[in-house]
Amino acid sequence: MALFATMLNERCVGRNAEIYLVAMDDNGVVQVADLLFKGRVSSTGATAGGKNALQYTISNIFEDWQRPFPDRYTDESQQAAYPGDRIFRYVAQMAERSIYWGSKKDAPGFIYK
């Protein structure tokens, strides 16, 4: 019952998880362990009653690529997260800026706002 209560009180989703195949001797001492799967807990479930049961869904690390990235490399996104930080203020200008690599020709100057 203590494991059941711990699962309900802990934040498990998003944590790393590993599934091992383990061989033990007659005394319960682990002799060999082999990693079968490594990922993150994507959802949890619990069933209480005559038999308590815990259910974990573990997803592959490649499933993280399906999630949209909430932040962009823009001044607006940076200001929302870190007010006053102006590190990305010239990013919009850089998309249209000509860069002459290894040339004496100068690119147009920045428009400072």
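The values are calculated or read from the model by the stated rules, or taken from the named source; none is laboratory data. Everything numeric in this text was worked out from a predicted model, so none of it was measured. Cβ: placed from backbone, ideal geometry, glycine included. Neighbour counts: every protein chain shown.
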Residues of segment 55-74 classified as closer than 15 Å to ARG15 by Cβ and aromatic (Phe, Trp, Tyr), total: 1
Index of the failed condition, VAL41 passing every other in (1) modelled with pLDDT under 90; (2) within 19 Å of ALA5 (Cα to Cα); (3) under 16 Å from the mean Cα position of the chain (by Cα): (1)
Residue check for PHE88: assigned to a loop (DSSP other than H, G, I, E, B) and either surrounded by 11 or more Cβ atoms within 10 Å (Cβ to Cβ) or in the same structural domain as GLU10 (by TED's automatic domain parsing) (or both): yes
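Just to be sure before I move on: is ILE99 modelled with pLDDT of 80 or more, in a loop (DSSP other than H, G, I, E, B) and more than 22 Å from the chain's Cα centre (by Cα) in the structure I sent? Spell out how you get there, then give the answer.
Details: modelled with pLDDT of 80 or more: no; in a loop (DSSP other than H, G, I, E, B): yes; more than 22 Å from the chain's Cα centre (by Cα): yes.
For ILE99, the condition - modelled with pLDDT of 80 or more, in a loop (DSSP other than H, G, I, E, B) and more than 22 Å from the chain's Cα centre (by Cα) - is not met.
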Some residue of segment 69-82 being surrounded by 10 or more Cβ atoms within 10 Å (Cβ to Cβ), outside the structural domain of GLY14 (by TED's automatic domain parsing), in contact (Cβ under 8 Å) with a residue 24 or more places away in the chain and over 30 Å from ILE19 (Cβ atoms): no
Some residue of segment 44-54 being under 23 Å from PHE4 (Cα atoms), among the polar types (S, T, N, Q) and without any contact (Cβ under 8 Å) to a residue 40 or more places away in the chain: yes
